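The values are calculated or read from the model by the stated rules, or taken from the named source; none is laboratory data. The structure displayed is predicted, hence computed values, not measured ones. Positions of Cβ are generated from backbone atoms using ideal geometry, with glycine treated the same way; all protein chains shown enter the neighbour counts.
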Amino acid sequence: MTVPYDPIFADGPGTGLAHPDSWWVHTAGPLPPDDGPAPAALDTEVAVIGGGYTGLSTALHLARRGRRVVVLEANRPGWGCSGRNGGFARMAFGRLSFGDMVGRFGLPAAKVLFRQAMASLDNVRQMIHDGGIDCEASEAGHLKIAPKPGRAAALQAEARLMQRELDYPAEFIDARTLQRDHLGGAQSHGALRVPDALALHPLKLAAGVLRMARGAGATVYSASPVVGWRKEGATHVLSTPHGTVRAAHVVVGTNGYTAPGLHPELKAVMMPILSHIIVTRPMTDAEVASSNFVTGHVLTDARKLMFYWRRLPDRRILFGGRGLIADTPGRTADHRRYLYRELIAKYPSLDGIAIEHDWHGWVAFTRDFLPRIRCAADDPTVHYAVGYQGSGVSLSLYAGRLIAARIDGDGSEPEIEAARHPVRPFPMHRLMRIPQRALFHWYRFLDSRP
Ligand SMILES: Cc1cc2nc3c(=O)[nH]c(=O)nc-3n(C[C@H](O)[C@H](O)[C@H](O)COP(=O)(O)OP(=O)(O)OC[C@H]3O[C@@H](n4cnc5c(N)ncnc54)[C@H](O)[C@@H]3O)c2cc1C
């Protein structure tokens with residue numbers, strides 16, 4: 001019997017694996033080349049572990065600063081979440097709303113954090129522009145939808161808070177306007193509209209950042225998992241199946257795919273959770289009319305086990321959510337049916353629409369639900385950016401830029417204070433799938449309430 005991959009237990013995410021069979025792979029076109037497997041011996045200034053947005057952006061920004069940098073990716077660039085996400089680039093710091101930020105850090109710090117989240121989205125726009133990345137990016141905006149009438153008041157309060165304290169043009173859209181102008185269905189009871197958010201093709205974005213990083217002088221090795229890490233004096237010595245890489249600094253960008261033995265500070269600090277997406281066939285004219293699913297916004301709902309969805313440019317619906325616990329074919333099929341039921345619960349008139357693609361990936365949660373972009377406590381030459389809580393498109397690309405500035409030491413990019421706290425391990429990490437199951441049941445109960 002093959003044991004399903006689970007980052008809590010596995011030694012690594014594999015070697016040289018192909019991208020999952022996602023909608024994005026079908027529509028990305030030819031992907032750009034990388035530098036193949038790492039050679040037997042290599043000396044560099046900075047070695048980056050993981051070739052997702054975090055790793056590739058770090059490499060790009062370091063190379064632009066004239067640093068010698070190599071990326072070591074176990075599979076292929078963009079293979080992890082970066083090439084398979086929903087393509088929502090938002091002003092996100094984990095899952096915290098602005099109200100949550102105020103509650104956790106106080107108003108002045110929350111305002112700073114919100115501006116940094118905005119800067120992270122601006123950074124995505126800038127990178128797409130600078131690299132001429134054709135990733136179908138549109139200025140979509142984000143609607144956070146009340147799936148029940150009782151959830152609308154909190155969204156209205158959040159809109160007011162953002163207007164008052166940030167002078168930010170968030171707005172509350174009432175149920176009638178939402179159903180008339182954006183999307184109908186059975187669970188559209190008002191929405192918080194945040195105008196700044198992009199909808200994009202995530203794998204094309206990863207491919208674009210790969211091209212940019214190599215163009216700037218970084219080397220990006222694929223099929224090169226780091227399987228050992230030791231220090232010789234001040235030098236890090238990373239082992240791959242083909243040889244060793246010696247570096248003055250190491251950046252870890254492995255997020256939900258981090259193996260427990262990679263680095264002691266990252267052991268047991270992340271809870272990897274599966275996020276699963278289904279993509280339907282294109283809606284017909286009649287289905288668009290009956291559901292009034294006309295909006296181009298990226299969509300999430302105000303639930304503990306949140307769903308995220310959007311209409312794709314060719315009228316398909318991409319619909320994603322969490323709840324899948326084990327990566328086995330049987331469980332995945334059950335979860336695909338669950339996601340479908342939830343989609344149809346939102347849009348009963350779409351019942352029967354076929355699912356043409358589905359896939360999943362591992363996102364990373366931390367104990368306090370805060371992302372981390374920091375140095376190891378006992379070694380300022382070890383840097384990591386992890387724990388995006390499933391909302392990392394903008395923040396991971398921005399993290400790469402911040403880490404590059406830190407390594408360069410010019411102080412040009414203010415760090416994100418809320419992401420610098422030490423990260424605490426989960427107790428009994430290897431048993432976490434048991435409480436996770438119970439927690440998800442509890443969340444479903446909470447979500448079922450009015
Ligand atoms: C289904 C799904 C939907 C999502 N939707 C959204 C969304 O719409 N918006 C949003 O903001 N966020 C979304 N996310 C989350 C977002 O994609 C991630 O937060 C982000 O891509 C993290 O990027 P990363 O580079 O840190 O990690 P990843 O892209 O996961 O890359 C980590 C890489 O590290 C490599 N690796 C691991 N161990 C080693 C090793 N030992 N040696 C070498 N390489 C190694 C892996 O092979 C992998 O390629 C979604 C995630 C999933 C799974």
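Surrounded by fewer than 18 Cβ atoms within 10 Å (Cβ to Cβ) and assigned to a helix (DSSP H, G or I) - does that describe any residue in the range 133-148? No, the range 133-148 contains no residue that is surrounded by fewer than 18 Cβ atoms within 10 Å (Cβ to Cβ) and assigned to a helix (DSSP H, G or I). Within the set ASP35, ASP43, the sole residue that is more than 20 Å from the chain's Cα centre (by Cα) and outside any loop (DSSP other than H, G, I, E, B) turns out to be ASP43.
Considering each residue of the range 405-427 in turn, at least one proves to be modelled with pLDDT of 95 or more, in contact with a Pro (Cβ under 6 Å, 6 or more places away or on another chain) and among the hydrophobic types (A, V, I, L, M, F, W, C).
Here PRO13 meets each of (1) surrounded by fewer than 23 Cβ atoms within 10 Å (Cβ to Cβ); (2) within 7 Å of the ligand (Cβ to nearest atom); (3) assigned to a strand (DSSP E or B) with one exception, condition (3). If I go through the range 329-372 residue by residue, how many of them are among the aromatic types (Phe, Trp, Tyr) and surrounded by fewer than 17 Cβ atoms within 10 Å (Cβ to Cβ)? Looking only at that region, the number is 2.
Exactly one residue out of ILE403, ILE416, ILE355, ILE373 is within 16 Å of the ligand (Cβ to nearest atom), β-branched (Val, Ile, Thr) and closer than 30 Å to ALA289 by Cα, and it is ILE355. Taken over the range 406-450, the residue count meeting the criterion of being farther than 24 Å from LYS267 by Cα and not hydrophobic (A, V, I, L, M, F, W, C) is 14.
Residues in the range 318-343 that are out of contact with any Gly (no Cβ under 8 Å at 6 or more places or on another chain), hydroxyl-bearing (Ser, Thr, Tyr) and modelled with pLDDT of 95 or more: TYR340 only.
For the range 157-211, a residue qualifies if it is within 16 Å of the ligand (Cβ to nearest atom), in a loop (DSSP other than H, G, I, E, B) and in contact with a Lys or Arg (Cβ under 9 Å, 6 or more places away or on another chain), and exactly one does: ASP196. For first residues located in the range 337-349 and touching a residue at least 40 places away in the same chain (Cβ under 8 Å), partners that are of a type in the set (Val, Ile, Thr) and not in a helix (DSSP H, G or I) and lie 6+ apart or on another chain with Cβ distances below 6 Å form the pairs LEU339/ILE278.
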